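Peer 1: My questions all concern the structure below.
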Amino acid sequence: MSSSSSSVPNNLDAFWMPFTANRQFKSNPRMLVSAKGMHYTNAEGGKVLDGTAGLWCCNAGHSDPRVVEAVSNQISEMDYAPAFQMGHPKVFELAARVSAMLPNGLDHVFFTNSGSESVDTALKIALAYHRARGEGTRTRFIGRERGYHGVGFGGITVGGIVANRKTFGPLLAGADHLSHTHLPEKNAYTRGLPEYGTELADELEKLVTLHDASNIAAVIVEPVAGSTGVIMPPKGYLERLRKICDKHGILLIFDEVITGFGRLGASFATEYFDVKPDLITMAKGLTGGTIPMGGVVCTKDIYDTFMTGPDNMIELFHGYTYSGHPVAAAAGLAALDCYQEDSLFERANDLAGYWEDALHSLKGCPHVTDLRNLGLIGAIELEPIPGKPTARAFDAFLKCYEKGVLIRTTGDIIALSPPLIIEKEHIDQIFDTIRSVLSELD
Ligand code: PXG
């Protein structure tokens with residue numbers, strides 16, 4: 001068998017799969033072999049409608065010819081250029097285009113290869129920034145319960161998902177967490193942003209009292225939490241966090257790994273909520289999921305703080321071999337072209353109402369306890385099977401896949417985040433399939 005064969009390999013043993021039940025998967029593999037637009041094709045030749053944009057990343061749909069061409073041209077023209085002390089044109093262009101999508105002042109982009117690296121990079125920039133300003137005691141980070149910030153040690157420290165933390169030792173010192181804002185008893189079935197829970201932002205004041213502002217470097221939150229089951233910020237919550245951070249000289253980091261690049265029907269959550277953080281982490285949609293790439297955007301003030309000292313000195317001792325990789329940069333530029341030429345963010349905004357109605361039509365279906373939505377994000381929370389958490393949602397995932405629709409589950413929550421090129425008939429197919437699957441579940 002040739003190495004590029006799309007058939008199912010004979011031996012699945014060697015590959016240790018990420019965030020996967022390896023033995024369960026390998027006993028009954030689900031293998032995707034090609035993709036185009038809104039669909040995957042699996043090894044059995046079945047078409048699978050992508051309700052999740054891969055893993056929240058293929059915002060421009062799959063294998064758009066513009067991205068394919070840009071990537072293949074770039075790899076023929078120049079495969080790689082050293083990232084340190086050398087440059088290549090496309091990475092500068094991409095940085096300028098990304099910063100042009102963001103509010104004024106968020107002007108500088110540091111490239112990474114993933115969301116996890118972006119988070120670690122942002123935390124390191126926050127520490128080094130305070131130190132450069134003579135406030136080197138600011139070393140604590142504040143995250144949030146149920147937060148997901150990738151899987152680096154920094155990310156799991158500020159993250160709030162116990163399974164991602166409990167087996168990995170003491171993590172970074174000095175982190176603390178805000179409460180999560182998932183209040184189903186008050187906010188269940190809310191369309192868009194929930195009414196209750198804004199005051200949970202005030203917990204930051206308590207943490208400042210406990211630790212003292214002079215010891216706190218930054219607060220990091222997902223504007224909309226994704227991985228942990230889709231938790232929307234209560235109305236006014238992010239604004240309040242911003243105010244408290246300003247009052248105490250604490251940096252605010254928005255982790256926009258899933259909210260960036262149109263997911264909410266705006267370029268980024270900072271635009272959607274009109275709240276400006278000091279640092280933004282991104283990945284996924286930056287290249288439409290085609291080539292791994294992430295980034296951290298920071299304010300001019302932060303960047304300028306580093307641009308002192310002798311000109312020949314490296315200002316930030318941080319970076320990756322593949323920071324701003326030429327092929328990733330080409331993919332990023334082409335993905336941004338797709339978003340722009342096809343007005344995909346506006347499209348997501350235009351479809352958000354239809355999406356919301358379709359999602360909320362599941363109210364009253366068996367096992368459903370809550371429905372949540374914003375932009376082109378949807379969540380369906382199911383009543384767990386007593387004593388078997390996650391089993392019901394996973395069964396729903398398998399049954400939807402058999403019926404040709406790819407969904408994601410986390411705990412007993414179904415999370416949906418389709419490519420922004422989705423059509424109304426695809427939305428109907430996703431929710432009709434889920435509706436019929438819900439009626440078949442134990
Ligand atoms: N921050 C946030 C907010 C994320 O959602 C990361 C950081 C880490 O990115 P990398 O590129 O290192 O994986 C993420 C990743 C899911 C799911 O199904 C979500 C993510 C990854 C895989 C699955 O919710 N988010």
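No value in this document is a laboratory result; all are computed from the given coordinates. What you see is a predicted model, and the numbers here were worked out from it, not measured in a lab. Ideal geometry is used to build each Cβ from the backbone, glycine not excepted, and the neighbour counts take in all protein chains shown.
Peer 1: Which order do peptides 344-351, 372-379 fall in by mean Cβ count within 10 Å, highest first?
Peer 2: Values: 344-351: 19.6, 372-379: 25.1.
Averaged packing, sorted descending, gives the order 372-379, 344-351.
Peer 1: For the pair Asp337/Asp212, report the inter-label distance in nm, with labels modelled 7 Å from Cα in the Cβ direction.
Peer 2: 5.5 nm
Peer 1: So which of Lys186/Lys247; Lys284/Lys399; Lys166/Lys276; Lys47/Lys399; Lys247/Lys276 end up more than 24 Å apart by C-alpha?
Peer 2: Working: Lys186/Lys247 30 Å; Lys284/Lys399 27 Å; Lys166/Lys276 33 Å; Lys47/Lys399 14 Å; Lys247/Lys276 15 Å.
As for pairs spanning more than 24 Å Cα to Cα, those are Lys186/Lys247; Lys284/Lys399; Lys166/Lys276.
Peer 1: I would also like to ask the following. Using modelled backbone amide H atoms (1.01 Å from N, in-plane), which distant-in-sequence or interchain residues come within less than 5 Å of Arg140's amide H?
Peer 2: Ile216, Ala217
Peer 1: Identify, among Val98, Met86, Ala43, the residue whose Cα sits farthest towards the positive end of the charge dipole of region 1-116, taking +1 on the Cβ of Lys and Arg and -1 on the Cβ of Asp and Glu, with the dipole about the Cα centre.
Peer 2: Ala43
Peer 1: Return the whole-Å distance between the Cα centroid of region 257-285 and the Cα centroid of region 363-442.
Peer 2: Here the two parts' Cα centres lie 25 Å apart.
Peer 1: Just add up the charged neighbours of Thr112: K/R +1, D/E -1, any other residue whose Cβ is under 15 Å from the Cβ of Thr112.
Peer 2: Numbers: positive: Lys124, Lys284; negative: Glu117, Asp120, Asp255, Glu256.
Charge balance near Thr112 sits at -2.
Peer 1: Here's a follow-up. For the residue pair Phe25 and Glu402, what label-to-label distance in nm results when each label sits 7 Å from Cα along the Cα-to-beta-carbon direction?
Peer 2: Spacing of the two 7 Å Cα→Cβ label points: 2.1 nm.
Peer 1: Out of all DSSP beta bridges in the chain, what portion is antiparallel? Express it as a percent rounded to 5. Before the final figure, lay out the partial values.
Peer 2: Working: 33 of 48 bridges.
Taking every DSSP beta bridge with both residues in the chain, the antiparallel ones total about 70 percent.
Peer 1: If the only charges are +1 at each Lys and Arg Cβ and -1 at each Asp and Glu Cβ, what is the size of the charge dipole of region 400-442 around the Cα centre, to the nearest 20 debye?
Peer 2: Numbers: 4 positive and 8 negative charges, 30 e Å.
I would put it at about 140 debye.
Peer 1: Something else now. Under a 5 Å amide H to amide H cut-off, with H placed in plane at 1.01 Å, what residues pair with Ala35 once short-range neighbours are removed?
Peer 2: Thr41
Peer 1: In addition: Taking θ = phi - 60°, what integer Hz values does the Karplus form 6.51 cos²θ - 1.76 cosθ + 1.60 yield along region 259-272, in sequence order, with x for Gly and Pro?
Peer 2: So the J values, rounded to whole Hz, are 8, x, 6, x, 4, 9, x, 9, 4, 9, 5, 4, 6, 4.
Peer 1: Oh, and also: So how strong a dipole does region 187-263 carry about its Cα centre when Lys and Arg Cβ are +1 and Asp and Glu Cβ are -1, to the nearest 20 debye? Before the final figure, lay out each step's value.
Peer 2: Numbers: 8 positive and 11 negative charges, 43 e Å.
It works out to roughly 200 debye.
Peer 1: Continuing with the same structure: What net charge do the residues around Ala122 carry, taking every other residue with its C-beta under 12 Å from that of Ala122, with Lys and Arg at +1 and Asp and Glu at -1? Don't skip to the answer; put the middle values down first.
Peer 2: Values: positive: Lys124; negative: Glu117, Asp120, Asp255, Glu256, Asp278.
For residues surrounding Ala122, the net value is -4.
Peer 1: Ok, one more. Where is the GNM fluctuation largest for the chain (alpha-carbon springs, 10 angstrom cutoff): Pro194, Pro389, Pro233?
Peer 2: Among Pro194, Pro389, Pro233, the largest GNM mean-square fluctuation belongs to Pro389.
Peer 1: According to the square roots a ≥ b ≥ c of the eigenvalues of the Cα gyration tensor, what is the shape class of region 8-158, taking rounded for a/c under 1.5, prolate for a/b larger than b/c otherwise, and oblate for the remainder?
Peer 2: Taking the square roots of the gyration eigenvalues as a ≥ b ≥ c, region 8-158 is oblate.
Peer 1: Rounded if a/c is under 1.5, else prolate if a/b is larger than b/c, else oblate: which is the chain, with a ≥ b ≥ c the root eigenvalues of its Cα gyration tensor? Walk me through the numbers on the way to the answer.
Peer 2: Numbers: a/c = 1.64, a/b = 1.20, b/c = 1.37.
Oblate is the answer for the chain, as a/c is 1.5 or above yet b/c matches or exceeds a/b.
Peer 1: Pop the C-beta distance of Met78 and Arg131 into the FRET formula with R0 = 30 Å and round what comes out to the nearest 0.05. List each step's numbers first, then the result.
Peer 2: Working: r = 37 Å, r/R0 = 1.22.
About 0.25, to the nearest 0.05.
Peer 1: Check which residues have an amide H placed less than 5 Å from Gly150's amide H, if you skip close sequence neighbours.
Peer 2: Placed amide hydrogens put nothing under 5 Å from Gly150.
Peer 1: In percent, how large is the relative contact order of region 68-341, given Cα pairs closer than 8 Å and 6 or more residues apart?
Peer 2: Details: 505 pairs, mean separation 77.0, N = 274.
Across region 68-341, relative contact order equals 28 percent.
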